[in-house]
Amino acid sequence: MKKVVPLLVLLVLVIAAIVYFQRQSGQDTESVVVTGEHQSEAPVLPSELAVKADQAIADGVAFLLSRQGENGAWLQHPAVTSLACTAIFRAPGATEDAELMSAVNRGLDFVKSFQQDDGSIWNTETEQYPNYSTAISLIALATVNRPQDAEVIRQTRDFLLGSQFIDVAS
């Protein structure tokens, strides 16, 4: 678990940086503010900072690619792999880069190999965090939104909806 925590922190930081800088530079046209309306004008990031941000994102993506296993996994864990796939996919230009999309596709195929009969996605050998792992996996699958994953996305969503606790008023 000690090896997982630093990588998880890095993954979260890379994803956060990508989302932040896309929003700051106006690239993220799907951002919706709390009111439910699309942002009309995003502040423009100074070019010097934009260059540094792009380089930091590229360095993070390169690091993640260097750590991907032959089977498409990061740390042999579906949730960690899902976080890495999301970070790489959200990087600027990723969808036009065959190497990046190959890494994402191999990672998502690894993630799907952990889907259970009930729709959950987790490593039954470790018996750790089935809801967390499933939720993170669903985020990655839905973000990339490959046509071949539609049924897995539906089953995974249904699992999460069915595992919610219902608050009962006393």
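Details
- For the stretch 127-170, the pair-distance distribution built from all alpha carbon pairs, in bins 5 Å wide starting at 0, is 5, 21, 27, 20, 13, 7, 5, 2, 1 percent.
- Gained length - residue 132 relative to residue 102, 0.36 nm times residue gap less alpha-carbon distance: 8.3 nm
- Residues listed by number, the stretch 94-114, amide nitrogen under 11 Å from residue 67 label point at 7 Å toward C-beta: none
- Each listed q (0.12, 0.13 Å⁻¹) maps to a log10 I(q)/I(0) for the stretch 54-108, found by the Debye formula over equal Cα scatterers with no solvent: -0.21, -0.25.
- The heavy atoms of residue 126 offer some 60 square angstrom of accessible surface to a 1.4 angstrom probe.
- Amide proton proximity set for residue 121, modelled H, under 5 Å, gap of 5+: 116, 134
- Sites listed here are GluC sites (Glu not before Pro) in the stretch 86-170 whose DSSP assignment is loop and whose Cβ has at most 10 other Cβ atoms within 10 Å: 125, 127.
The values are calculated or read from the model by the stated rules, or taken from the named source; none is laboratory data. For clarity, every value in this text was computed on a predicted model and none was experimentally measured. FYI the Cβ positions are ideal-geometry reconstructions off the backbone, even for glycines, and counts take in every protein chain you see. Side chains are part of the model used for accessible areas, which takes the heavy atoms of the whole protein and leaves out ligands, DNA and RNA. Shrake-Rupley method; radii C 1.70, N 1.55, O 1.52, S 1.80 Å.
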